[in-house]
Every structure is written in structure tokens, then in C-alpha cells.
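Notes for the one structure printed next.
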Amino acid sequence: MSLSLYRKYRPETFTDVMGQEHVETTLCNAVRTGSVSHAYLFCGPRGTGKTTTARLLAKALLCEQAPTDHPDGTCEACREIADGIHPDVYELDAASRTGVENVREEIIGRVQFAPTRGAYKIYIIDEVHMLSTAAFNALLKTLEEPPSHVLFVLCTTDPHKVPETIQSRCQRFDFHRLSEQQITARLAYICEQEGYTAQPEALALIAQRSQGGMRDAIGSLEQIAVFGAGDVSFEAAESMLGEVSVEQLFSVADLIAARDVANCFAWVASFTQSGTDIAQFVRDLSVHVRNLYVAAVLGRDPALAEVIEADDELLARYRDQAALFGSPDRLANVLVVLGDLSIQLRSAANARLSLEIALTRMARPASDLTLESLAARIAVLEAGGDVERPRPTSVTASSAQAVQPARRPEPVEPPAPVTPAPADAPAPAAAAAPAPAPAAPAVPAPAPATDTTDAAKAPSPSTAPADLTADAARRLWLQVEKELVNAKKRSVATFLGGSTAHLDPKTGGLLVELPADASFARQNLERSANKELLASIIKRLHGAPLPFTFMLGTAGKPVASAPAPAATPAATFAFPSAPAEAAEAPAEAPQSVPAPTPAPAPAPPVPPTPTPAPTPTSTSAQSEPSLEDLIAASFGAEVAIQELAPGE
């Protein structure tokens, strides 16, 4: 079996390490001057040379020419260190030795012994952040005061998981990601040594996809070389790495700039059929939009060629396409949306749907309610353009009725009294109904006492927003109950148990229905302190004052939903302005009832406008409400009717 290229071309000297000059210089000077520390902590992304540098430090201290800052790499000690078989160099994988027992047996129990062949015993602990807390605590004392012949080199990709007590006992070195030029140069050297035919575009693409890791880049190069039988072509690199071509990125960016959502969806449909990873496409598009943003900000500044690694022709295309977006602020908003999309794709059940929604947000700021999109729309308006407005939704008859300000229902008007016919007029037939006289001005019945009190305390209906619907009223009341619980007003919340909210047609506010047997709860809720508390919560949640009224349910239905009386009921009841008059009206009614068809007697004169008494008519074929239902509909279920004997 052949040796992997990343192991075959591992650096053998400090000068072979690329991109870590600050680490190489410090270690070489420490070896040369004899000021090597007892512990080092190497931090950085994968494939940046942490373990390689640790081995080079071991070679510099154990080489036959040691101590030297330029180990030859050809002596027996250097070859054994490279092969991992030197008796004085211990490479431990902390991922598989996480417990305190491993640290005690392999480090603490052996650290006191003298080195076998060299002057030092070197412990290289890879992925040290995987050690348990107990293992770190067991290592603290040995790491702080090790024997003079012991050197620790800790390597990790997650330094934030290493305790501060460990980091404070080490010299920390942060390894940087390698640049694309450095990786490309190394790949070209390997291709020359291996006899591969490589296109510069393919090497640049491999370097871009490696994300600054040399090991990843060399591994991709080896895979593509095997695929192409020694020919590293750009087409093979695109096919193996699943790369989105530059032309595709320019194409989808043109659609976003033109706000062409329909073609964006069509492009996604064809793109997903190719099998390319959507997450990788989002990363590539983010890099492309970043280049557009830089081109929009710098323009024709000569520094653009240093910030964007591209030739003059590609830079010109970046500038031209950036101009299509109008301003750098819109490109910045696109980058924000792409960043959100990258996070969503980690747990998205449907990656294509997430991509389509993100493209819609980027192309149509009207569909995005963030501050950035609103700023983009304002910028278009300031420039004299026109922004895309959302289409108005169709309003059904029921919803339009709910949106209209609620009017107080008209009071039940009794039939107009029939004046007695003159003596010379012919008598009407018994079966014929009496001709109605001109209707007198109707006097509306007085509103219930509870409604008057609520209307006086609650804001007027004109202050309530006009977009309150029945569903919105129910949702608002549920939020009010939650706020009461959060505010620890559990007594008020208990009184509201089993309540539901409806849209009040009288006030345009809330009509809160309590259970039929909750009269005690209603009395407590109508206290001024409780009503002020509920009013403040409703105002804070709704954004404006909103009137509300409490009522008791009747037979499981709201009182407001009782059927309205017929036009000419058999026994209508007109409520006069005074209780005494209401008692007199039924008593005087039988005196003016002619036979066979009873006629109503006129009501007692009440200046300035008389109130006519009810007119009994023939029995209707439909079921008619009783007197108790009418009184409950007007005054509430709490008003009782007591029958008095004559003379009481």
C-alpha cells in the first residue's frame, strides 16, 4: 500500500512549514539560546501544522546534532521520530485516553524516569481538549512542575475547551490558516514531484475548498489525480468537489439583482437536480456576494486587486454586477440573509425550501420585515424609484364585516299603536290585520347598567383599532391570561377561568363571556382595581386602549348571541325610562283592546316624547322569545322578574 501524499510530503525541517513564521522563529530562537519552555500549547484549525511542528521540536532536541534549530532529518533519531517509534517521544491521543486513569498510568507514573537515549522525554498530546475535567486536574501539578528532562506539547483545535489553569502553565501558539497562494504553491510542487499534469485553475479551486488546511488540500489533490489518471483538470476538480461554477454564481446573482423571483425558483429547480450540495452552494454564493460587496465599496481603487484574488477581467465583471444591486447596503443585506440561511441549513428538514425562501427575501425586500430590508426600500424611494408593494389580500364578506367599526344594535321597537277608527268608518273584517299607523319616533331602551359602567371606564370605540377581528379578540384574551399568570396575579387569573372573548358589536372591543354560574367572579372582576389592571395589560398587548365588558353565559351560549325578536312578536315589551311607568303600562293595556282583535292602548304621556305601549298581535307561526329572554338580552341574566298580585 502506497503512502498518502500528505504523509509523504510532511515537512522535515522548520523551513518547510508554510504560513507559520511566527511559530518557527520563536521555537528556533528558543532552541538556539537554550530557553525552551517546559510546556507548549499549539492551537489552530486542522491541517495547519500543529503536530508536525511538535515533531520538529522533538527532532531539534533529540537529533544527533542536538540542540539545533535545523535538524537534518536524516539521522536515526530523526527518522524514528518521523515514524513515531522513538522511545523518548510519546504521542498520545487524548480522544481515546480521556480518563484520569490514563493520565495517571501513562504520564504521571512514568514522568519521573530518565530518558532512554536523548536528553529529553517529550510528551505530544493531540486533541488535548478531549480530556475529562478530572484528567486535567490530575495533570495540573505535573504540568506546572515537571522534571527538568520532560517537555509537554499540547495540541488542540478547540482551545476554549482547555481549562484556564492548563493554559496558564503553557506557552500558547496560535496557528493560522494558510492562504490560497501558499496552498497552491505547495500543490504545484507536489504535482511536479509526482509527475502530475495540473491546470492552475484546478489547483486554485482545490486551495479555495480546503479552507486554509494543507492536509485537506493535499488529500483532494490525490483524489482528483487518481480520478484523472494523473491529469488534474478543472472539470475533474469541479466534478469531484461539487463546485458551483463562476458562471452559475453570476447567473443567480443577476436574478437576485433584477428581483426576478420566478426565474430564481426555476434556477433552484434545475440546480437541485444536479445533486450539488445546497450548503456548499450557499457558501460559494456568500463568497461571490462578498466579492461584489468589496467591488461596490472600493470601486476602481487599486487595492481591489489585493483584496479579491482575481484577474482584471473578473474584477471588471464584479464591478459591473455590483452596480446592478444599486448600493452596497443591499449587498450587505444579502450577506445577512445568506448567513441566516447557513445557520438554518444545519437543522433544516427541507434545504430546498429554505433556499427558496432566502432567495425571495434577497430579491424582494417587501417580503422581508427586517430593518435592513426596510432601509433598502427607503433608499429606493429616496432615489426616486418605486418599491414593490405587496398585493392586497382579498377580503371576504365576513372579514370585511368584522373589520368595520361595530355599531350599537338598534333597540327593539314595538309596533306603532293603532288609533281607534272614526264612528262613520266601516269596521274592519275579523280576519284582516289592522292597518299600521305611521310609526312614532322610537325611544331606544336604556342600556344595561354594566354596559354603561364599562363604557364609562373603558376607552371609546373610536380609539380601538379597526382591524380587530373575532380571532384576534380570542388570541388577545389568551395573551392577557398568560400575562396575569406571569405577573403573579393568580387571583384575577382564577376569576377568569373558563372565560372566552368575543368581538363586542356594541363597543367594538372585547365581550368577555364567563361561565353561567360565575356571578361571584364577575363581581370581583368588575372592581376598579381589577379592571384597571386588565385595561393596562390589554393596552400594552394591543397597542391602544380597548373597551371590554363582562357577561355571564346563558345555556352555554353568549348572551349577545340570543336570537333577536321578530318584527311583530306576540308579546313585545317596551321598557320605559322609569320603573313606575313600566309597571303601569301592562295594567292599562287591556282597557284599549278591541274585540276580536286586541288593539294596544297608548302609553302614558311622557314628555317630551310619548312611549307607546306594546301591541299584542296574532300568534306567529315561528317560535318567539319569552319575556325573560328579552329582559336578559337587554339587562343581563341577573335581572329577575317578580310577578305582583293586583293592589301590591
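Quick notes
- Single residue of the stretch 71-88 satisfying the filter (open to solvent by 20 Å² or more (accessible area, probe 1.4 Å) and modelled with pLDDT of 85 or more) that is nearest to Val17 (Cα to Cα): Ala82
- Of the residues making up the stretch 16-32, just one is acidic (Asp, Glu) and crowded, with 18+ Cβ neighbours inside 10 Å, namely Glu24.
- Failed condition for Lys488, given (1) of a type in the set (Lys, Arg); (2) surrounded by 13 or more Cβ atoms within 10 Å (Cβ to Cβ); (3) within 31 Å of the chain's Cα centre (by Cα): (2)
- In a residue-by-residue description of the stretch 169-180, the property of being over 21 Å from Cys155 (Cα atoms) and touching a residue at least 12 places away in the same chain (Cβ under 8 Å) applies to at least one position.
- Of the residues making up the stretch 111-136, those that are open to solvent by 30 Å² or more (accessible area, probe 1.4 Å), over 17 Å from Ala58 (Cβ atoms) and not hydrophobic (A, V, I, L, M, F, W, C) number 4.
- Take the conditions (1) loosely packed, with under 14 Cβ neighbours inside 10 Å; (2) of a type outside the set (A, V, I, L, M); (3) part of a loop (DSSP other than H, G, I, E, B); Glu247 misses just one of them, which is (3).
- Lone qualifier among Ala516, Ala493 - being on the phi < 0 side of the Ramachandran plot, surrounded by fewer than 20 Cβ atoms within 10 Å (Cβ to Cβ) and touching a strand residue (DSSP E or B) at 6+ places or on another chain (Cβ under 6 Å): Ala516
- When Leu324, Leu338, Leu355 are screened for being within 16 Å of Leu255 (Cβ to Cβ), surrounded by fewer than 16 Cβ atoms within 10 Å (Cβ to Cβ) and not hydroxyl-bearing (Ser, Thr, Tyr), only Leu324 passes.
- Of all residues in the stretch 33-65 being free of Cβ contacts under 8 Å to residues at least 40 places away in the same chain, in a loop (DSSP other than H, G, I, E, B) and polar (S, T, N, Q), the one that is least open to solvent (accessible area, probe 1.4 Å): Ser35
- Scoring Gln223 on the criteria (1) surrounded by 14 or more Cβ atoms within 10 Å (Cβ to Cβ); (2) touching a residue at least 40 places away in the same chain (Cβ under 8 Å) leaves a single failure, condition (2).
- Considering the conditions (1) in a helix (DSSP H, G or I); (2) of a type outside the set (Asp, Glu); (3) within 27 Å of the chain's Cα centre (by Cα); (4) within 15 Å of Ala323 (Cα to Cα), Ser286 is excluded by exactly one of them, (4).
The values are calculated or read from the model by the stated rules, or taken from the named source; none is laboratory data. Computed from a prediction, not measured in an experiment: that's the story for all the values here. As a convention, Cβ positions derive from the backbone with ideal geometry for all residues, glycine included, and neighbour counts pool all protein chains shown. What goes into the accessible areas is simple: the full protein's heavy atoms, side chains included, and nothing from ligands, DNA or RNA. Shrake-Rupley method; radii C 1.70, N 1.55, O 1.52, S 1.80 Å.
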